[in-house]
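Peer 1: Mind looking over this structure? Questions follow.
The values are calculated or read from the model by the stated rules, or taken from the named source; none is laboratory data. Values in this document were obtained by computation on a predicted structure and should not be read as measured data. For neighbour counting, all protein chains shown are included, and Cβ atoms are generated from backbone atoms with ideal geometry for every residue, glycine included.
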Amino acid sequence: MDSTDVAACWEANAETWTRHARAGYDLYRDAQNTPVFLANLPDIAGLKGLDIGCGEGSNTRKLAEAGGRMIAVDIAPTFIRHAQEAEAAAPLGIDYRFGDGTALPFPDGSFDFATAFMSLMDMHRQDLGIAEAARVLKPGGFLQFSILHPCFAPPNRKVVRAADGTVTGLLITEYFNNTNGAIETWRFGAAPEHEKAKVEPFRVPRFHRTLSEWVAMIVAAGLTIEQMVEPSVDAETARAIPYLADTHIAPLFLHIRARKATAA
């Protein structure tokens with residue numbers, strides 16, 4: 001599978017994904033993943049930033065609201081159209097463009113920082129995605145990204161529940177089985193059943209890599225890891241929001257911030 005195949009999958013997902021995400025059905029994103037990501041983001045006020053794999057633009061808008069001067073790219077034209085429409089309706093100065101994260105259309109050293117919310121993991125060549133992000137950073141700039149946790153969301157992950165539905169553990173297998181475009185089909189679990197029944201499931205290509213492989217790709221790109229975060233919920237939140245209870249057992253996501261060396 002190459003970037004053309006990946007783009008075709010995401011273009012097919014984009015219309016339903018946008019509608020469902022904006023309806024609040026991506027609960028992991030809205031209640032946990034994005035808030036934690038932003039809470040651990042350095043001050044970006046006045047900085048020029050690139051959001052890689054921006055989707056329909058929700059997270060890019062949050063970066064702009066935090067003061068970032070944002071350009072954003074995505075490989076699916078329908079995502080870009082929806083993002084541009086949102087920008088036209090409520091301008092924040094965001095420049096949304098069609099673009100492939102493994103071959104970014106920008107000169108070296110163009111940005112103070114780059115973000116990638118749950119997009120690098122879906123690239124057919126994550127090494128190129130990280131290397132391209134590093135290339136377009138200015139010396140001293142940083143890349144912050146989120147991915148499915150390599151250790152706790154490998155190709156086979158099952159949430160174990162007691163008879164009353166309480167989450168009691170996770171079954172994790174196939175950690176060392178790299179996948180190169182295996183298609184997973186699923187829907188946002190928080191979507192109402194009548195809404196799920198109206199649409200085809202998402203078809204998402206998986207390119208699972210181990211944690212050590214992710215670290216090796218970051219190092220090879222010339223970046224230095226300065227922070228790693230594993231979002232979780234406490235017991236009280238797990239009881240209040242059962243949908244997120246699995247992340248009280250082990251994290252579903254991993255956030256990494258890595259920095260480019262300053263000029264000598």
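Peer 1: Restricting attention to the stretch 33-62, report how many residues are surrounded by fewer than 19 Cβ atoms within 10 Å (Cβ to Cβ) and of a type in the set (Lys, Arg).
Peer 2: Qualifying residue count, the stretch 33-62: 1.
Peer 1: May I ask you to say which residue of Arg97, Arg22 is under 21 Å from Ala190 (Cβ atoms) and not aromatic (Phe, Trp, Tyr)?
Peer 2: Going through Arg97, Arg22 in turn, just one is under 21 Å from Ala190 (Cβ atoms) and not aromatic (Phe, Trp, Tyr): Arg22.
Peer 1: Among the candidates Phe142, Phe176, single out the residue that is out of contact with any helix residue (DSSP H, G or I) (no Cβ under 9 Å at 6 or more places or on another chain), of a type in the set (Phe, Trp, Tyr) and not in a strand (DSSP E or B).
Peer 2: Checking each option against the conditions leaves just Phe176.
Peer 1: Just give me the residues in the stretch 203-234 being closer than 25 Å to Ile172 by Cβ, crowded, with 16+ Cβ neighbours inside 10 Å and not β-branched (Val, Ile, Thr), in sequence order.
Peer 2: Within the stretch 203-234, Pro205, Arg206, Phe207, His208, Arg209, Trp214, Met217, Pro231, Ser232 qualify.
Peer 1: Exactly one of (1) under 19 Å from His255 (Cβ atoms); (2) buried (at least 20 other Cβ atoms within 10 Å of the Cβ); (3) among the aliphatic types (A, V, I, L, M); (4) over 15 Å from the mean Cα position of the chain (by Cα) is unmet by Ala116. Its number?
Peer 2: (4)
Peer 1: Additional query: Please verify whether the stretch 42-61 includes one or more residues that are among the hydroxyl-bearing types (Ser, Thr, Tyr) and under 21 Å from Glu132 (Cα atoms).
Peer 2: Taking every residue of the stretch 42-61 in turn, at least one turns out to be among the hydroxyl-bearing types (Ser, Thr, Tyr) and under 21 Å from Glu132 (Cα atoms).
Rundown of residues vs (1) within 28 Å of Tyr243 (Cβ to Cβ); (2) touching a strand residue (DSSP E or B) at 6+ places or on another chain (Cβ under 9 Å); (3) small (Gly, Ala, Ser); (4) free of Cβ contacts under 8 Å to residues at least 24 places away in the same chain, yes/no style:
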{"residue": "Ile130", "(1), (2), (3), (4)": "no, yes, no, no"}
{"residue": "Gly141", "(1), (2), (3), (4)": "no, yes, yes, no"}
{"residue": "Asn156", "(1), (2), (3), (4)": "yes, yes, no, yes"}
{"residue": "Val160", "(1), (2), (3), (4)": "yes, yes, no, yes"}
{"residue": "Leu170", "(1), (2), (3), (4)": "yes, yes, no, no"}
{"residue": "Gly181", "(1), (2), (3), (4)": "no, yes, yes, no"}
{"residue": "Phe188", "(1), (2), (3), (4)": "yes, yes, no, no"}
{"residue": "Ala191", "(1), (2), (3), (4)": "yes, no, yes, no"}
{"residue": "Glu195", "(1), (2), (3), (4)": "yes, no, no, no"}
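Peer 1: What single numbered condition from (1) on the phi < 0 side of the Ramachandran plot; (2) in contact with a Pro (Cβ under 6 Å, 6 or more places away or on another chain) fails to hold for Gly181?
Peer 2: (1)
Peer 1: Is it fair to say Ser3 is surrounded by fewer than 19 Cβ atoms within 10 Å (Cβ to Cβ) and under 27 Å from Glu200 (Cβ atoms)?
Peer 2: Considered against the rule, which asks whether it is surrounded by fewer than 19 Cβ atoms within 10 Å (Cβ to Cβ) and under 27 Å from Glu200 (Cβ atoms), Ser3 comes out as yes.
Peer 1: Mind checking whether some residue in the stretch 14-24 is without any contact (Cβ under 8 Å) to a residue 12 or more places away in the chain and within 16 Å of the chain's Cα centre (by Cα)?
Peer 2: No, the stretch 14-24 contains no residue that is without any contact (Cβ under 8 Å) to a residue 12 or more places away in the chain and within 16 Å of the chain's Cα centre (by Cα).
Peer 1: Look at the stretch 136-152 and say how many of its residues are crowded, with 19+ Cβ neighbours inside 10 Å and farther than 26 Å from Glu56 by Cβ.
Peer 2: 1
Peer 1: Tell me, yes or no, whether the stretch 190-202 has at least one residue that is surrounded by 10 or more Cβ atoms within 10 Å (Cβ to Cβ), in contact with a helix residue (DSSP H, G or I) (Cβ under 8 Å, 6 or more places away or on another chain), modelled with pLDDT of 90 or more and within 19 Å of Leu120 (Cβ to Cβ).
Peer 2: Checking the stretch 190-202: at least one residue is surrounded by 10 or more Cβ atoms within 10 Å (Cβ to Cβ), in contact with a helix residue (DSSP H, G or I) (Cβ under 8 Å, 6 or more places away or on another chain), modelled with pLDDT of 90 or more and within 19 Å of Leu120 (Cβ to Cβ).
Peer 1: Restricting to the stretch 15-32, and then to whatever is closer than 15 Å to Phe117 by Cβ and among the acidic types (Asp, Glu), can you tell me which residue is surrounded by the most Cβ atoms within 10 Å (Cβ to Cβ)?
Peer 2: Top of the filtered list is Asp26.
Peer 1: Hey, does the stretch 76-98 have a residue that's crowded, with 19+ Cβ neighbours inside 10 Å and within 27 Å of Ser212 (Cβ to Cβ)?
Peer 2: no
Peer 1: Has the stretch 153-160 got any residue that is part of a helix (DSSP H, G or I), on the phi < 0 side of the Ramachandran plot and surrounded by 15 or more Cβ atoms within 10 Å (Cβ to Cβ)?
Peer 2: There is no residue in the stretch 153-160 that is part of a helix (DSSP H, G or I), on the phi < 0 side of the Ramachandran plot and surrounded by 15 or more Cβ atoms within 10 Å (Cβ to Cβ).
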